[in-house]
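To start, the structure under review is shown below, and the notes come after it.
The values are calculated or read from the model by the stated rules, or taken from the named source; none is laboratory data. Since we're looking at a predicted model, the values are computed, not measured. Cβ sites come from the backbone with ideal geometry, for glycine too, and all protein chains shown count toward neighbours.
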Amino acid sequence: MNRPDIAVTGLGMITPVGNDTESTWQGVCAGVSPARTVAGLEGCAIDFACVVDGIDLDAAIGGRAAFRMGKYVKLAVLAAREAVTDAGLDPARWDGTRVAVIVGTSSGGSTSLTEQAVVLDRQGAGATSPSAILLTIPNMPAAEIAIQLRATGPSMAPCTACSSGVTALSVARDLLASGQCDIAIAGATESIVYPVAMAGFARSGAGAQRDGDPAGLCRPFAADRAGLVMGEGAAVMVLERADDARARGAVPRALFAGAGATTDAHHPISPHPSGRIAQAAVENALRDAGWAAEDVDHVNAHGTATPANDATEAALISRVFPHRPPVTAPKGVLGHCMGAAGAIEAGLTVLTLQRGVVPPIANLDAPAPEFDIDCVTGQPLRQPIRRAVSHSFGFGGHNAVIALQRP
C-alpha cells in the first residue's frame, strides 16, 4: 500500500525574536540577532544568550497549571496552542483517542533540576518544590500538551539532542502513515539558559566567547566563526494525512515529503570529519521523498557557527547539491535552541516554501572561501521554492533530515 501524503496544517512558534509564528518569521527575515547579556549569568564565562522575552508566560498559560511547568514546558504548550488554532481545529470537538502528541527536548528541565538542587543544599528538603519532578522530567511537554488539548492517543518525548525536533516530526509522520492516529501534534522545546549549561558549553569549547557585542558573535559559515550562541524556544506543527485535511476544508501549508536519519558513532561532540554519515541522512531523506538531489531548491542548514560542524556541513552540501541551491542558517539570528532547533528550522522551511522567501544568515557577508555553497546574506532572497530540506545534527552523532515541499 502506498504511503499517504502527510500535510502540515498548523504551525506554532515562540522564539527569541517572536512570541508567535509571524513575529518569529519577521525577526528571522530581518537578520539581526537579539543575543544579549542575561541576568542570572553574572560571572559565567558565557553570560549572554538569545532568550524568549517580552511575554508573561504564566499569564499566557493561565490558571493554576503554570506552577507545575518549567519554562521549557510553557513554551511548548503555547506553541502547540497556536499550531492547533492555526490548523483550524477545536480540541473540544475532536476524537482525542485519534490525536497523538510527539514533542522532543534535549535537556528537558535541567534548569529546574539545578535550581531545586541549590534549594536542597541551602535550605533542606522541606523547601524544595512539591512539583520538583514535574518541573524536570523531559516527557512533560508532551504530557501537558496532551492534558491541555484532550489528546489521549500516543504521546512520546524523543531525545536525540539537537535533532530532537526533526526526530519528533518524523515519528509523528510514521504514526499518521501507519494509521495509529489521525492528527499529530509534533515538535520540540528547550530552555537551558542557566549557569551550569553555559559553563558546560564554555568548557567544551563549543560556545562562542564574548568578543564585543553578543549580537554579532554567531556567524554560521563565516571564515571567522567562533562557536555557538545559546538560544531557547519551541515550535510545534499539526500534521494530518493530506486527504483528511482537504476533506475538512483545511489548506496545507506544506507536505512532509521525506525523512532520513543516521548516527555518526564517532564522538560525543565532534561530527564525523568525513561528513559521509550525515550525508547519508540527507540522501535517505531524498530517497524517501522520491527526489533527485537537483530537485532541491533550498537548504536550511544546521549551521551552528562552530568550526568543525560548519566545515563538515558545507562540504556535505556542496557534494550532494552541486547545483548550489540557496542556503540559510537561522542560528545566526536565533542562537542554538538545542533540542528545539530542528523543529523551529523545519517550521521556518515551511514558511519559506509558502512565501518564496529565504531568510538571510545573520552576521555573514560571505561564506569562508573554502566553502562552495550559496549562502543567503544581507537581505532575504525572494524566489519560488518548491522543495527544500532542513538539516539537524546533534551531539552524540544524531543526524536527522526532513524534506518538505509545496502542496
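In a residue-by-residue description of the stretch 11-19, the property of being assigned to a helix (DSSP H, G or I) and closer than 22 Å to residue 331 by Cα applies to no position. Of all residues in the stretch 305-320, those satisfying the criterion of being under 19 Å from residue 360 (Cα atoms) and either in contact with a helix residue (DSSP H, G or I) (Cβ under 7 Å, 6 or more places away or on another chain) or surrounded by fewer than 18 Cβ atoms within 10 Å (Cβ to Cβ) (or both) are 305, 318. Exactly one residue among 267, 302 is touching a helix residue (DSSP H, G or I) at 6+ places or on another chain (Cβ under 7 Å), assigned to a loop (DSSP other than H, G, I, E, B), in contact (Cβ under 8 Å) with a residue 12 or more places away in the chain and not assigned by TED's automatic domain parsing to the domain that holds residue 53, and that residue is 302.
Check whether at least one residue in the stretch 68-80 is of a type in the set (Phe, Trp, Tyr), out of contact with any helix residue (DSSP H, G or I) (no Cβ under 7 Å at 6 or more places or on another chain) and within 27 Å of residue 173 (Cα to Cα), and report yes or no. For the stretch 68-80, residues of a type in the set (Phe, Trp, Tyr), out of contact with any helix residue (DSSP H, G or I) (no Cβ under 7 Å at 6 or more places or on another chain) and within 27 Å of residue 173 (Cα to Cα): absent. Looking across the stretch 176-191, the residues that are touching a helix residue (DSSP H, G or I) at 6+ places or on another chain (Cβ under 6 Å) and in a loop (DSSP other than H, G, I, E, B) come down to 181, 182, 191.
Filtering the stretch 171-191 for residues that are among the hydrophobic types (A, V, I, L, M, F, W, C), at pLDDT 95 or above and in contact with a Ser or Thr (Cβ under 6 Å, 6 or more places away or on another chain) leaves a non-empty set.
Every residue, every condition in (1) surrounded by fewer than 23 Cβ atoms within 10 Å (Cβ to Cβ); (2) more than 28 Å from residue 364 (Cβ to Cβ); (3) in the same structural domain as residue 370 (by TED's automatic domain parsing); (4) in contact with a helix residue (DSSP H, G or I) (Cβ under 6 Å, 6 or more places away or on another chain), yes or no:
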position: 206; (1), (2), (3), (4): yes, no, no, no
position: 216; (1), (2), (3), (4): yes, no, no, no
position: 221; (1), (2), (3), (4): no, no, no, yes
position: 228; (1), (2), (3), (4): no, no, no, no
position: 275; (1), (2), (3), (4): no, no, yes, yes
position: 293; (1), (2), (3), (4): yes, no, yes, yes
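Screening the candidates 350, 401 for the property of being farther than 20 Å from residue 333 by Cβ and buried (at least 18 other Cβ atoms within 10 Å of the Cβ) yields one hit, 401.
Taking the criterion of being within 11 Å of the chain's Cα centre (by Cα), assigned to a helix (DSSP H, G or I) and not basic (Lys, Arg), the residues of the stretch 327-348 that qualify are 334, 338, 339, 340, 341, 342, 343, 344, 345, 346, 347, 348. Out of all the residues in the stretch 43-51, is one or more touching a helix residue (DSSP H, G or I) at 6+ places or on another chain (Cβ under 8 Å), among the aromatic types (Phe, Trp, Tyr), part of a helix (DSSP H, G or I) and within 21 Å of residue 207 (Cβ to Cβ)? No, the stretch 43-51 has no match at all. Selection within the stretch 148-175: residues that are over 16 Å from the mean Cα position of the chain (by Cα) and closer than 22 Å to residue 399 by Cα. The member of this set that is surrounded by the fewest Cβ atoms within 10 Å (Cβ to Cβ) is 174. Report yes if residue 294 is under 16 Å from residue 313 (Cα atoms), outside any loop (DSSP other than H, G, I, E, B) and among the acidic types (Asp, Glu), otherwise no. The answer is no for residue 294. The numbered conditions (1) in a loop (DSSP other than H, G, I, E, B); (2) closer than 21 Å to residue 166 by Cα; (3) of a type in the set (Asp, Glu) are all true for residue 370 except (2). Scanning the stretch 220-243 for residues that are touching a Gly at 6+ places or on another chain (Cβ under 7 Å) and over 19 Å from residue 166 (Cβ atoms) turns up 221, 227, 229, 230. Taking each residue of the stretch 61-73 that is in contact (Cβ under 8 Å) with a residue 60 or more places away in the chain and looking for partners that are part of a helix (DSSP H, G or I) and among the aliphatic types (A, V, I, L, M) with beta-carbon atoms closer than 6 Å, six or more apart or interchain, yields 73/140. Beta carbons closer than 8 Å, at least 6 apart along the sequence or on distinct chains, pair a first residue in the stretch 248-260 that is over 16 Å from residue 404 (Cβ atoms) with a second that is at pLDDT 95 or above and of a type in the set (Ser, Thr, Tyr) for 250/9. A search for C-beta distances below 6 Å between a residue of the stretch 203-232 that is under 18 Å from residue 328 (Cβ atoms) and any residue that is surrounded by fewer than 21 Cβ atoms within 10 Å (Cβ to Cβ) and aromatic (Phe, Trp, Tyr), counting only pairs 6+ apart in sequence or on different chains, returns 221/371. Could you tell me whether any residue of the stretch 242-264 is over 30 Å from residue 354 (Cα atoms) and over 18 Å from the mean Cα position of the chain (by Cα)? Checked the stretch 242-264: at least one residue is over 30 Å from residue 354 (Cα atoms) and over 18 Å from the mean Cα position of the chain (by Cα).
Each row is one residue, and each column tells you yes or no for (1) at pLDDT below 95; (2) within 12 Å of residue 298 (Cβ to Cβ).
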site: 356; (1), (2): no, yes
site: 362; (1), (2): no, no
site: 367; (1), (2): no, no
site: 371; (1), (2): no, no
site: 389; (1), (2): no, yes
site: 395; (1), (2): yes, no
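Of the residues making up the stretch 104-147, those that are at pLDDT 95 or above, part of a helix (DSSP H, G or I) and surrounded by 16 or more Cβ atoms within 10 Å (Cβ to Cβ) are 140, 141, 142, 143, 144, 145, 146.
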